[in-house]
Amino acid sequence: QGVLSNLTKTDKQKRRLLIDTGDSTELYTYTEDNLDAEPNRSNRHLYRADVIITTLDKFLYRFFGYGGGKKSYTYPLRINDKKYMTFVFDEAHSYEGTAFTNFQHLVTTLYDNQHNIVLMTATLPENYQKVLQDPEDFDFAGRWDVIDFLGEAKQQELLAGKGEHYGKRKLSYSPDEVIPQKADPNDPDSFAAAKESFDNHKLERIGKILEQLQSQWTGEERLIVTLDRVQDAAEVYTNLKRQSGLKSLAMSEGKDTNLFLYHGRLDRDWRSKVYDAVKRRDDKKQPYILVSTSAIEIGVDLDAQILITEICNPDSLIQRIGRCNRRGEEENARVIVIGSHIPDYLNDFTDNEAAYKSYLELLTKWNNNVINRQFATEVLDPSIFPKPVLTDPRASTAYDMLYKYVYDFELEYKNLHDLGFIATRSWEPALEVLI
């Protein structure tokens, strides 16, 4: 918003910013007489803007002409304006399964139609890079220009604006004492016992996290805690609110609070308010405790002194670590990883026990040592983290059929389009019903 406002102020030209996420569309129009534009929510989805900020899911929805009646088709037509359009996909590493299938097809389509495309990522596994560049299988002809911002020259440029401790954090690793038992698919009675074992495991881990908070927090730190599940994050947050033993922990929900809860299920406006409040404290180096989930991994610019996290997949761990000592000004920055068990529904090592064992051994090796870029290189090494590319053939087929209807006018696929449904995310049932 500030960039477009300043551009309009400089050259007196009108600028538009469109934010299209979830079920909300906001249009900001900046003119010489209106440099502090308020959002217009009544102008639904014309996609006339200098900058459009959206999500992969919503972009796919618009790409196939959904929303806003006849006006929907203005976007598929306008997408052919190659001279002025550039598509920027940030956090390209965050897509998996169905989402990655759609992402790969979408990027391939834009590339084949000679659009300008920029992919930005910090931890894209080699397998995913190959899928996005392989000329034989995916028609990319290997024509990506790879700009490595961690190359020697860029690294020196980056370090010039950072503190002397940039990239350094001391790692403490605390494995689980007891691993939860698994259910036997052939024994229905084992599921209840497995659930009880998992619940007890989670309670024990939450207890460890709270113990670490008690020992690390003096009332002066900027501290982030990340957990797997929203219910666990809420449990830790509620527990902290009830504790009076933690020094300088403001319990109020007013302006002076320094305890925050942040996760993806929060209302969008409330989530923005929470982040803005934490960001203000962070910029001023004021103390806070932020309890979060994996939502902290993307689109968050914080510079905590201490990170306490449940064990997670290597790429997620690197993302979370990036929220600690981000500016390199903290001599005693600390990362505390708790646990050695990742639930199957989150575990990218499910079918590769040898690689998972190597990952845990690596954490043990670096325990009580200062981690740096070498740690990230080792953790993301394909021999330790051979993250498979999981594609969804159903999403691939649906994409092709919708594209043939919307862009090639093949009417036999009209019924599919009329259903108005696009699968954008992978999911598995939380319960298995046995009859």
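The values are calculated or read from the model by the stated rules, or taken from the named source; none is laboratory data. Worth saying up front: this structure is predicted, and the values here are computed from it rather than measured. So basically every Cβ, Gly included, is an ideal-geometry build from the backbone, and we count neighbours across all protein chains shown. The area values use the complete protein model at the heavy-atom level, side chains included, leaving out ligands, DNA and RNA. Shrake-Rupley method; radii C 1.70, N 1.55, O 1.52, S 1.80 Å.
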Open item on the list: Please count how many residues of the range 22-42 are in contact with a helix residue (DSSP H, G or I) (Cβ under 8 Å, 6 or more places away or on another chain) and either of a type in the set (K, R) or over 15 Å from I53 (Cα atoms) (or both).
Closed with: 6
- [ ] Determine whether A395 is in contact (Cβ under 8 Å) with a residue 24 or more places away in the chain, of a type in the set (A, V, I, L, M, F, W, C) and under 28 Å from S215 (Cα atoms).
- [x] no
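Here is a yes/no grid of residues against (1) closer than 30 Å to I338 by Cα; (2) of a type in the set (D, E, K, R); (3) at pLDDT below 65:
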position	(1), (2), (3)
P135	no, no, yes
D139	no, yes, yes
D145	no, yes, no
K154	no, yes, yes
E157	no, yes, yes
E164	yes, yes, no
L171	yes, no, no
D176	yes, yes, no
I179	yes, no, no
Open item on the list: Pull out all pairs, ordered by first then second residue, where Cβ-Cβ is under 7 Å, the residues are six or more apart or on different chains, the first lies in the range 352-364 and is more than 14 Å from P175 (Cβ to Cβ), and the second is in a loop (DSSP other than H, G, I, E, B) and open to solvent by 40 Å² or more (accessible area, probe 1.4 Å).
Closed with: N352/P386; A355/P386
Task: Residues located in the range 173-199, provided they are open to solvent by 90 Å² or more (accessible area, probe 1.4 Å), more than 21 Å from L360 (Cβ to Cβ) and in a loop (DSSP other than H, G, I, E, B) - done: P185, N186, D189
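Please go through the range 359-392 and pick out each residue that is farther than 29 Å from G328 by Cβ and in contact with a Ser or Thr (Cβ under 8 Å, 6 or more places away or on another chain). It would help to see each step written out before you state the result.
Applying the first criterion (farther than 29 Å from G328 by Cβ) to the range 359-392 yields 383, 386, 388-392.
Of everything in the range 359-392, those that are farther than 29 Å from G328 by Cβ and in contact with a Ser or Thr (Cβ under 8 Å, 6 or more places away or on another chain) turn out to be S383, L390, T391, D392.
For the subset of the range 23-53 comprising residues that are surrounded by 17 or more Cβ atoms within 10 Å (Cβ to Cβ) and polar (S, T, N, Q), which member is modelled with the lowest pLDDT?
Initially, the range 23-53 is screened for residues surrounded by 17 or more Cβ atoms within 10 Å (Cβ to Cβ), giving 25, 27-30, 37, 45, 47, 49, 52.
Applying the additional criterion that residues be polar (S, T, N, Q) yields 25, 29.
Details: T25: 82, T29: 89.
Applying the filter and picking the extreme gives T25.
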Task: Failed criterion for V291 (all others in (1) open to solvent by less than 30 Å² (accessible area, probe 1.4 Å); (2) on the phi > 0 side of the Ramachandran plot hold) - done: (2)
Open item on the list: Could you tell me how many of the residues in the range 1-45 are more than 24 Å from Y66 (Cβ to Cβ) and free of Cβ contacts under 8 Å to residues at least 40 places away in the same chain?
Closed with: 24
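Look through S252, S272 and report the one residue that is at pLDDT below 90, exposed (fewer than 15 other Cβ atoms within 10 Å of the Cβ), farther than 24 Å from E330 by Cα and over 22 Å from the mean Cα position of the chain (by Cα). Before you say what the answer is, go through the steps one by one.
On the way: S272 fails: over 22 Å from the mean Cα position of the chain (by Cα).
So the residue among S252, S272 that is at pLDDT below 90, exposed (fewer than 15 other Cβ atoms within 10 Å of the Cβ), farther than 24 Å from E330 by Cα and over 22 Å from the mean Cα position of the chain (by Cα) is S252.
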TODO: Run down K170, K202 and say which single residue is surrounded by 12 or more Cβ atoms within 10 Å (Cβ to Cβ), touching a Lys or Arg at 6+ places or on another chain (Cβ under 9 Å), within 16 Å of R229 (Cβ to Cβ) and touching a residue at least 12 places away in the same chain (Cβ under 8 Å).
DONE: K202
Task: So V370, is it touching a Cys at 6+ places or on another chain (Cβ under 9 Å), on the phi < 0 side of the Ramachandran plot and not basic (K, R) - done: no
